[in-house]
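J.: Provided herewith is a single structure, encoded as structure tokens, for subsequent inquiry.
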Amino acid sequence: MVAKITPEIAKQDGYKFGFNDNDRATYKYRTEKGLSEAVVREISSVKGEPQWMTDFRVKSYHHFLERPMPTGFWGGNIQNYELDFDDIYYFARASDRAEQDWSDVPEYIKDTFDKLGIPEAEKKSLIAGVGAQYDSEVVYHSIREDLEKLGVIFVDTDSAVRDYPEIVRQYFGTIVPPADNKFAALNSAVWSGGSFVYVPAGVKVDIPLQAYFRINKENMGQFERTLIIAEEGSYVHYVEGCTAPSYSSNALHSAVVEIIVKKGARVRYTTIQNWSTNVFNLVTKRAAAYEDAVMEWVDGNLGSRLTMKYPSVFLMGPHAHGEVLSLAMASDGQHQDAGAKMVHVAPDTTSTIISKSVSRGSGRTSYRGALKVHAGAARSKATVRCDALLIDQQSRSDTYPLMEVEEEQVNIGHEASVSRVGEEQLFYLQSRGLSEVDATKLIVNGFVEPIVKELPMEYAVELNRLIELQMEGAVG
Amino acid sequence: MADTLLTIEGLTVSVEGKQILNGVDLAVGRGEVHAIMGPNGSGKSTLANALMGHPRYQVTGGTVRFKGEDILALSPDKRAQRGLFLAFQYPMSIPGVTMVNFLRQAMKAVRGEDVPVREFREKLFATMKLLKMDQEFARRYVNEGFSGGEKKRAEILQMGILDPDLAIMDETDSGLDIDALRTVAEGVNALTTPKLGVVLITHYQRLLNYIKPQFVHILYQGRIIESGGPELALQLEAEGYDPVIEKYAPALVAATGEKA
Ligand SMILES: Nc1ncnc2c1ncn2[C@@H]1O[C@H](COP(=O)(O)OP(=O)(O)OP(=O)(O)O)[C@@H](O)[C@H]1O
Ligand SMILES: [Mg+2]
């Protein structure tokens, strides 16, 4: 018997890639700017969706309208920004369908992907499959044949609705219901693309599944929807990397990620987010971990103007373990409001949150964490550790830990630190020939190392490079 | 001195508005070893830090010439690139940065060009072997969790990798056990070349038994009050600082206007 996340439980959960091929990107299809029920229905109809999905979208749209901007737990004060929902394209399509074969992918899209290094990654066969999100829809998907033989499904979510309707319908919207928050409702209404991963019982996917996302059109919202189901005793590592060219007007990225980790299964979800600094990145990521299951979020936030993201794990079965490794870096004008939520529902569950943030110039980072232990979640153990590093005098970092414990037999540890790059450390490194900038970079790289070392090799290298670019002020 | 490496004249240094060095003169040539001794708080580390360019140590007067160039306007990294090295009395730890990564970057920075991986590795492991350091140290984070003695060894490892022209060692012997002292001293001797000048800051004769100085200087209240040969250190070991200080007391009174 698998426990469900009831509305009650859910409620308590209070590189600069400067190129863009916009000129050549002739969208085959695009809705008009702005949002209405007609636009929502149009998206569903263009995709040829079944009625239940159309209904789901329309209902979500109305919920979005009724819902106020998030306050309370959400921290980024989104209402203070000029975010005009009517100034956004909610759907665009660059090519007709998800391509199965690299040779079918349009030439200009290939160029862009070449710059992102995807074909190289493929060649090296470091990856099990690549899903690339070009604007709203996934245009290229490949998966290794042996995984297919094992019954692993890795497709874009639109294809999944068409080809695996029973599985999708069973789980879609169960972990993050449209009524969860305004942005979840928005995503539920206009979602497009994202990945669908299904791992059958006992199957261990030994290399990471990867997807690349970009926002490539001015005022193009990106509302991908990812659903991962790990059956009993299975394992999968999903990696999502985001890069976006810079644009002058506001872009909105509002994704929903739902993960179901069944008994004894383990899922790791890694994100490196490097949106251009005009993007609002408002993402709802949530997982349910059942008996003996392990869910790990590795979440790196470098880009965007404002990020509000708190990956969460609902520990639904005994001995389930949840982990969030969060890294945030904010440079001038950026606010990273990131953190984690752990909800202990079942007894003997454990969770770890490690958060590291770096603020530079006028950048601001906030750690926002929620820890909830339900009555009956006896012998639960939770550890929270957040460290902030400030580079400049005006840099800012805040910590907002929220704790609600209804069970007496628990073990909770919380540690937090804020430090500034020290003069003595800088002098020490400079006395070894390193310039002040290089010395600072090295200190920052060392600070984030505990998170970086959890990343797949090529991502670790890329992340260090992005951090260095930010430290040089070359990004943003 | 024919081949003077470092020439300090009338150096005065303040920390937080308080004058610590009151006019230091010192000349160090290539191939020479100078020992600087003196009671706690006399200004030895201040001299070392000021020479390396620590931002908190303000040079208020005097000159420092290194290889013929006035280095006082240079940032610490530029001084290191010119061939100056300081082995710290209290080395800093840099969490998350491995020794191997740090040393590679430092070597590249000091040389001003990329160092082939192979050459770097050979030099690293040869120097570690010389200092009897386990190769595992290369993977550890810089000074993080190192024992006092391990930190001092790691400083000399850095000196070996960076191959300076002038090495200032600030109490490298403190914190070392008897065997480690010998290992490190022998390491320093092995790294010593005719081009290298050495300034050893120490409290104890035992280091000087291994690394033999030609010159010994006594720093007291921010001044070098006595200079001599190796016998001066032996005399200090036997008699302490009092006889030397007494001898200079009248001069100090005249200079500072108060009784030493
Ligand atoms: N950063 C600093 N801030 C304040 N005072 C300082 C600072 N650095 C040095 N001083 C003061 O300057 C004086 C000389 O200190 P210094 O460290 O140079 O002595 P030292 O000769 O190296 O002593 P020791 O033998 O104990 O290492 C001391 O009185 C010390 O308190
Ligand atoms: Mg000292």
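J.: In region A:360-422, what GluC sites (Glu not before Pro) fall in a loop by DSSP, with at most 16 other Cβ atoms inside 10 Å?
T.: Those satisfying the criteria are A:Glu406, A:Glu407, A:Glu408.
J.: For B:Lys129 and B:Glu113 in the same chain, what is the full-extension length gain: residue separation times 0.36 nm, less their Cα-Cα distance, in nm?
T.: 3.2 nm
J.: For region B:4-256, what is one quarter of the convex hull surface built on the Cα atoms, given in nm²?
T.: 13.4 nm²
J.: Accessible area lost on pairing A with B, both sides, 1.4 Å probe, Å² to nearest 100?
T.: Working: alone 17980 and 12440 Å², together 28350 Å².
Adding both sides of the contact gives about 2100 Å².
J.: Follow-up. I'd like the carbon and sulfur percentage of the solvent accessible area for region B:27-79, probe radius 1.4 Å, heavy atoms only, ligands and nucleic acids excluded. Working shown, then result.
T.: Numbers: 880 of 1970 Å².
Answer for region B:27-79: carbon and sulfur cover 44 percent of the accessible area.
J.: What figure, in Å² to the nearest 10, do you get for the accessible area of B:Lys132 with a 1.4 Å probe and non-protein molecules left out?
T.: Accessible area of B:Lys132: about 140 Å².
J.: Specify the inter-centroid distance of region A:325-365 and region B:93-162, based on alpha-carbon positions, in whole Å.
T.: Each part reduced to its Cα centre gives a spacing of 33 Å.
J.: Here is a follow-up. Kindly express, to the nearest 10 degrees and within the range 0 to 90, the angle between helix B:117-130's C-alpha long axis and the longest C-alpha principal axis of chain B.
T.: Here the helix axis deviates by roughly 60 degrees.
J.: Report, by chain and number, residues whose modeled amide H sits under 5 Å from the one on B:Gly197, excluding near sequence neighbours (fewer than 5 apart, same chain).
T.: B:Gly31, B:Leu166, B:Ala167
J.: To continue, here is another question. What's the extension gain from A:Glu232 to A:Asp146 if we count 0.36 nm per residue and subtract their Cα-Cα distance?
T.: Details: separation 86, 0.36 × 86 = 30.96 nm, distance 1.98 nm.
Taking 0.36 nm per residue and subtracting the Cα distance, the gain is 29.0 nm.
J.: Based on Cβ point charges of +1 for Lys and Arg and -1 for Asp and Glu, what charge dipole magnitude is obtained for region B:4-256 about its Cα centre, in debye rounded to the nearest 20? Mind dumping the intermediate values first?
T.: Values: 28 positive and 30 negative charges, 151 e Å.
With only Lys, Arg, Asp and Glu charged at Cβ, the dipole is about 720 debye.
J.: Stretched out fully, how many nm does the piece from A:Val418 to A:Glu82 gain, at 0.36 nm a residue minus the Cα gap? It would help to have the intermediate numbers written out before the result.
T.: On the way: separation 336, 0.36 × 336 = 120.96 nm, distance 3.09 nm.
117.9 nm is the gain from fully extending A:Val418 to A:Glu82.
J.: Taking only protein heavy atoms and a 1.4 Å probe, what accessible area per residue, in Å², does region A:268-313 have with all protein chains in place?
T.: Working: 500 Å² over 46 residues.
For region A:268-313, the per-residue accessible area is 11 Å².
J.: Also, I was wondering about something else. Could you check the simple spin-label distance between B:Asp70 and B:Arg206, using points 7 Å along Cα→Cβ, in nm with one decimal?
T.: So the two model labels end up 4.4 nm from each other.
J.: Once the Cα atoms of helix B:230-239 and of chain B are each reduced to a long axis, what angle between those two axes, in degrees from 0 to 90 to the nearest 10, is obtained?
T.: The two axes meet at around 70 degrees.
J.: Quick one: ranking A:Arg286, B:Arg30, B:Arg65, B:Arg153 by accessible area, 1.4 Å probe, largest first, what do you get?
T.: B:Arg65, B:Arg30, B:Arg153, A:Arg286
J.: Need one number: nm distance between label points at A:Glu472 and A:Ser435, each 7 Å from Cα along Cα→Cβ, rounded to one decimal.
T.: Each label point lies 7 Å from its Cα, and together they span 0.9 nm.
The values are calculated or read from the model by the stated rules, or taken from the named source; none is laboratory data. All values derive from a computational prediction rather than experimental measurement. Methodologically, a virtual Cβ is constructed for each residue, glycine included, from the backbone with ideal geometry; neighbour enumeration extends over all protein chains shown. Note: accessible area is taken over every heavy atom of the protein model, side chains too, but ligands, DNA and RNA are not part of it. Shrake-Rupley method; radii C 1.70, N 1.55, O 1.52, S 1.80 Å.
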